[in-house]
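Following: one structure in structure tokens, then a few remarks.
The values are calculated or read from the model by the stated rules, or taken from the named source; none is laboratory data. Everything numeric in this text was worked out from a predicted model, so none of it was measured. Positions of Cβ are generated from backbone atoms using ideal geometry, with glycine treated the same way; all protein chains shown enter the neighbour counts. With ligands, DNA and RNA removed, areas are computed over all heavy atoms of the protein, side chains included. Shrake-Rupley method; radii C 1.70, N 1.55, O 1.52, S 1.80 Å.
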Amino acid sequence: MPNALVKRAFLLDFAMVVLFVVMHALILHLESPGPPGRPWWSMMLVSVPAFALLLLRRWWPWLALLGCLSAATTLTLIGVPENPLNFAILVGVYTVCQHSGTAGAVLATALAVLWPVLYSWGDPPLSALVSTVMASIDLFMVVGLAYAVRFGRRRAAQLEHTVELLDHARDQLAAEAVAGERARIAREFHDIVSHNLSVVALRAGVARALVDRDPNHAEQTLRELELTSRAALGELRGLLGRLREDPAEQVVTDGGPGRQPAPGLHRVDHLVESVRGTGVVWRLDRRGEVRELGAGVEMAAYRIVQEAVTNVLKHAGTGYARVLLDYGSSALRLEITNHATGPDSFASALAQRTPGASSGRGSGRGLIGLRERVALLGGTFTAHPVSNGFHLAAVLPCPEHSDLA
């Protein structure tokens, strides 16, 4: 218990003790009872120590109860009014019920019930019965109050513990959300930077290889390089803009001032067109009823195609590749397959002028990120080498009549 609460409880007990002492002193002074030759205040030597024990009731409840019972019994035997001690006994029983188990509460109640029988001994039977019943009613009311308060405190402690668990769970969920958001941002940066820089590097190499032999072609390649660079910068600005926004003010939109639309399957044609002329012949096929899917599926599908195209640019050199978008009634199936062919004169010149542009191995983080994207949407993902190439496939659930909002 905090020090402030302990101090407040002690002050309340002290005020209660002073009240009991004053009440008993007034009763003794007005009635002037006791053995002949003894002043009324001498009887206070029995009651005051018993009242003082109530100051220790929160630490030693049994001591306070037994002390009050003993003082009340002593005063009754010598014929001195003990009325305030009756209240002190009830306070002692209440405290024992608060701090003891069921057995202690039953024992304290039994001892307190014997007290009305003792002080009504010798009275007429009806008067003794009424006194005992009335005292027992008061006693059982106090016991009920003690158990109600005890149950309330226990429930409050359980609620406090539950709140602590909920706070811990909330903090854990927040930490997981932060980790997930960081992973999502890392994937976005990887997808944007990796693909666009690969295209930029290849087109820069092509332009440098053709600048002497075919200036017009080189100039066209540089224009395409500029457009690709501007598109990459636009995506990065859009991503950074979303990171700077207040989360409470973020809304899902298709665009806005200074904001790029979220990438989706409508940009796959532009994606494939942006990598034509880099040594790989690309083919884009669509099957089924082409329709707009959910924003999450659209972005995930676009990023899968983008990562696959980037890997082909990095590792295939020359050859041909195919992108298939199969719109099923309940799922979207993606397939990207490439087959490398022998290096021709163009590829040889490009490889000599841009070392590492057409060969080498990545860290595999891109495929790991794609696998995580697909798993979050409840789909399946496979990627494996084939004869002179690589095959990547993903199935993303998207019911035909699902909510696209």
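Show the residues, 5+ positions off or on another chain, whose built amide H is closer than 5 Å to the amide H of Gly328.
Result for Gly328 returns Arg333.
In nm, what is the difference between 0.36 nm times the number of residues separating Ile137 and Leu114 and their Cα-Cα distance?
Residue separation times 0.36 nm, minus the Cα-Cα distance, leaves 7.0 nm.
Any chance you could run the full-extension gain for Arg154 through Val22? It's 0.36 nm times the residue separation minus the Cα-Cα distance, nm to one decimal.
44.0 nm
Using the beta-carbon distance between Ser329 and Asp285 and R0 = 22 Å, what value does 1/(1 + (r/R0)^6) give for FRET efficiency, to the nearest 0.05?
That pair, Ser329 with Asp285, gives E of 0.75.
Can you list the residues, at least 5 places off or on another chain, whose amide H is less than 5 Å from the amide H of Phe390, using H built in the peptide plane?
Asn338
For a protection proxy built on the mean count of beta-carbon atoms within 10 angstrom, sort 300-310, 96-106, 60-70 highest first, please.
300-310, 60-70, 96-106
Expressed in nm², what is the orientationally averaged projection area of the convex hull enclosing the Cα positions of region 128-170?
The Cα convex hull of region 128-170, projected and averaged over all directions, gives 2.4 nm².
Taking a probe of 1.4 angstrom, what is the accessible area of Asp269 in Å², to the nearest 10?
Solvent-accessible area, nearest 10 Å²: 70 Å².
As an exercise, use a Förster radius of 60 Å and the Cβ-Cβ distance of His168 and Arg213 to find the FRET efficiency, rounded to the nearest 0.05.
Efficiency at R0 = 60 Å is approximately 0.30.
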